[in-house]
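Asker: Next up is a structure, given as structure tokens.
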Amino acid sequence: MQISTKLSQLQQRIEQACAKVGRNPQQVQLLLATKTVKPQLIKQAFACGQTLIGENRIQEVIQKHAQLANSDYQQHFIGHLQTNKVKDLLRYNINCLQSLDRMRLAQRLHNRLEYEDKTIDVFLQFNTSYEASKYGMAPENALQFAKQVAEFERINIKGLMTIGLFSAEKQQVRQCFQRLKQIQNQLLDAGINATELSMGMSGDFEIAIAEGATIIRVGSAIFGERPHPDSYYWNEN
Ligand SMILES: *Cc1c(COP(=O)(O)O)cnc(C)c1O
């Protein structure tokens with residue numbers, strides 16, 4: 001099936017999910033998770049009007065950079081970032097780091113931003129499913145973490161990100177997204193302007209939309225299945 005067909009089917013599902021809970025579909029932005037996807041295919045999505053992609057590995061960002069150079073798009077980083085890759089992150093025009101999940105990374109990022117006289121937008125990533133296999137700050141430490149990150153002048157906290165539990169138990173998946181929303185409320189009360197909620201993937205974006213997602217990250221529903229399970233792509237190495 002063509003990318004354009006997949007995209008319009010997805011758009012319909014997004015609209016239905018929004019209609020169910022009385023939300024405006026314009027409030028839900030689609031980020032295409034493009035790990036393992038060839039630039040050729042990504043460009044087809046651009047030709048259909050898509051403008052936002054997310055990569056998990058710096059290596060892939062670098063590999064695709066030249067071939068996408070003539071396209072007009074935004075790129076977020078959504079994978080686990082090693083501290084020694086911060087320099088690369090800044091070099092390749094990443095518009096937003098969605099996976100800021102620890103102070104050491106924030107500190108390193110800030111130092112490099114100072115050195116290069118730049119700023120960056122970030123989302124704070126939380127491990128709302130409490131699975132050991134997933135990255136993300138523990139929800140219990142949300143306020144303290146956010147306050148510490150907010151002190152770095154060059155790092156702008158735009159929102160929060162999470163990966164929901166992989167489970168057929170919809171209620172448990174929903175709880176993850178509700179936790180992220182609760183964290184958001186806590187931060188907003190503390191004056192931290194984390195207005196975006198990046199949550200929901202191919203298997204659970206409808207639930208995420210119902211719980212307030214403003215960005216959903218969709219890969220396989222558009223580009224097909226990947227050769228490895230997701231955990232394989234979450235590590236830099
Ligand atoms: C791969 C990935 C997605 C998209 O996953 P699909 O199930 O293919 O839609 C979203 N977010 C992150 C962090 C990912 O690694």
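Residues are listed down the side, and each one gets a yes or a no for (1) free of Cβ contacts under 8 Å to residues at least 12 places away in the same chain; (2) closer than 26 Å to residue 9 by Cα; (3) out of contact with any Ser or Thr (no Cβ under 9 Å at 6 or more places or on another chain):
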position: 157; (1), (2), (3): no, no, yes
position: 165; (1), (2), (3): no, yes, no
position: 168; (1), (2), (3): yes, yes, yes
position: 171; (1), (2), (3): yes, yes, yes
position: 189; (1), (2), (3): yes, no, yes
position: 198; (1), (2), (3): no, yes, no
position: 219; (1), (2), (3): no, yes, no
position: 234; (1), (2), (3): no, no, no
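Asker: Working only within segment 214-237, note down all residues that are more than 8 Å from the ligand (Cβ to nearest atom), in contact with a strand residue (DSSP E or B) (Cβ under 7 Å, 6 or more places away or on another chain) and closer than 21 Å to residue 80 by Cβ.
Answerer: 215, 216
Asker: Hey, among the residues in segment 47-67 that are surrounded by 18 or more Cβ atoms within 10 Å (Cβ to Cβ), assigned to a helix (DSSP H, G or I) and free of Cβ contacts under 8 Å to residues at least 60 places away in the same chain, which one's nearest to the ligand (Cβ to nearest atom)?
Answerer: Per the criteria, the residue is 61.
Asker: Count, please, the residues in segment 131-155 that happen to be within 15 Å of the chain's Cα centre (by Cα) and either open to solvent by 60 Å² or more (accessible area, probe 1.4 Å) or among the polar types (S, T, N, Q) (or both).
Answerer: 1
Asker: On to the next question. Being surrounded by fewer than 19 Cβ atoms within 10 Å (Cβ to Cβ) and modelled with pLDDT under 95 is the requirement here; does residue 84 meet it?
Answerer: no
Asker: Oh, and also: Can you pull out every residue in segment 178-197 that is crowded, with 17+ Cβ neighbours inside 10 Å and either under 25 Å from residue 6 (Cα atoms) or among the β-branched types (Val, Ile, Thr) (or both)?
Answerer: 183, 192, 197
Asker: Among 119, 34, 128, which is touching a strand residue (DSSP E or B) at 6+ places or on another chain (Cβ under 7 Å), of a type outside the set (Asp, Glu) and surrounded by fewer than 17 Cβ atoms within 10 Å (Cβ to Cβ)?
Answerer: 119
Asker: Do we find that residue 200 is within 14 Å of the ligand (Cβ to nearest atom), on the phi > 0 side of the Ramachandran plot and either open to solvent by 30 Å² or more (accessible area, probe 1.4 Å) or not acidic (Asp, Glu) (or both) in this structure?
Answerer: On the way: within 14 Å of the ligand (Cβ to nearest atom): yes; on the phi > 0 side of the Ramachandran plot: yes; either open to solvent by 30 Å² or more (accessible area, probe 1.4 Å) or not acidic (Asp, Glu) (or both): yes.
Criteria met by residue 200.
Asker: State all residues of segment 208-237 that are open to solvent by 20 Å² or more (accessible area, probe 1.4 Å), touching a helix residue (DSSP H, G or I) at 6+ places or on another chain (Cβ under 8 Å) and not in a loop (DSSP other than H, G, I, E, B); if no residue qualifies, say none.
Answerer: Correct list: 210, 221, 223.
Asker: Only one of these conditions is not met by residue 205: (1) open to solvent by 10 Å² or more (accessible area, probe 1.4 Å); (2) modelled with pLDDT of 95 or more; (3) within 16 Å of the ligand (Cβ to nearest atom); (4) under 13 Å from the mean Cα position of the chain (by Cα). Which number is it?
Answerer: Failing condition for residue 205: (1).
Asker: Taking the conditions exactly as written (in a strand (DSSP E or B) and modelled with pLDDT of 95 or more), does residue 99 satisfy them or not?
Answerer: Details: in a strand (DSSP E or B): yes; modelled with pLDDT of 95 or more: yes.
For residue 99, the condition - in a strand (DSSP E or B) and modelled with pLDDT of 95 or more - is met.
The values are calculated or read from the model by the stated rules, or taken from the named source; none is laboratory data. This one's a predicted model, so the numbers in the text were calculated from it and none came from an experiment. Cβ atoms come from the backbone with ideal geometry, glycine included; neighbour counts cover every protein chain shown. Surface areas here come from the heavy atoms of the whole protein model, side chains and all, with no ligands, DNA or RNA. Shrake-Rupley method; radii C 1.70, N 1.55, O 1.52, S 1.80 Å.
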